[in-house]
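First up is the structure itself, then whatever we jot down about it.
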Amino acid sequence: MAGGRMSALSLPIDGGASTEFKSFRARTPLFSVSAGRVLVTLTLPERLGASDVEFARRLAEQAAAYAGEVERLYRCGRRPRRAGPRRAVRRGRERLSDGGLQLHHTHGRPGRDGIGERDPAAG
């Protein structure tokens, strides 16, 4: 992980949340998660590399694991505990956690998504 600032977003998911995948002929695909009045869209650079393919595969694996855990909790009738919002500082990074989906942006300068900034002092 690159040094510097890290933006974090905790997105509480409920029955009104949605996801959307869009593919295009002449540009990279988009994947969006929408919950309430928040829309998060994952974007890629125009020139793809092996690390981009690996990220997409890890995303799919983690999403499948997430779905499996949600199904397991639903089947057994357990309600997952939801902790109240809390802030944790780890190794210079601040993270907000309230039991929702956590997305961490670590790519230096803002991309097409406009999220993230890098601390210039971090090099």
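The values are calculated or read from the model by the stated rules, or taken from the named source; none is laboratory data. Everything quoted here is computed from the prediction, not taken from an experiment. Ideal geometry is used to build each Cβ from the backbone, glycine not excepted, and the neighbour counts take in all protein chains shown.
Taking segment 18-38 only, how many residues are among the small types (Gly, Ala, Ser) and either closer than 18 Å to Ala60 by Cβ or surrounded by fewer than 11 Cβ atoms within 10 Å (Cβ to Cβ) (or both)? Give the steps one after another, and end with the answer.
Keep residues of segment 18-38 that are among the small types (Gly, Ala, Ser), which gives 18, 23, 26, 32, 34-36.
Subsequent filtering for residues that are either closer than 18 Å to Ala60 by Cβ or surrounded by fewer than 11 Cβ atoms within 10 Å (Cβ to Cβ) (or both) retains 18, 23, 26, 32.
Total satisfying the criteria: 4.
In contact with an Asp or Glu (Cβ under 9 Å, 6 or more places away or on another chain) and either modelled with pLDDT of 50 or more or not in a loop (DSSP other than H, G, I, E, B) (or both): which single residue out of Ala88, Ala56 fits that description?
Ala88
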Looking only at segment 1-28, filter to residues that are in contact with an Asp or Glu (Cβ under 8 Å, 6 or more places away or on another chain) and basic (Lys, Arg); which one of those is nearest to Thr43 (Cα to Cα)? Arg27
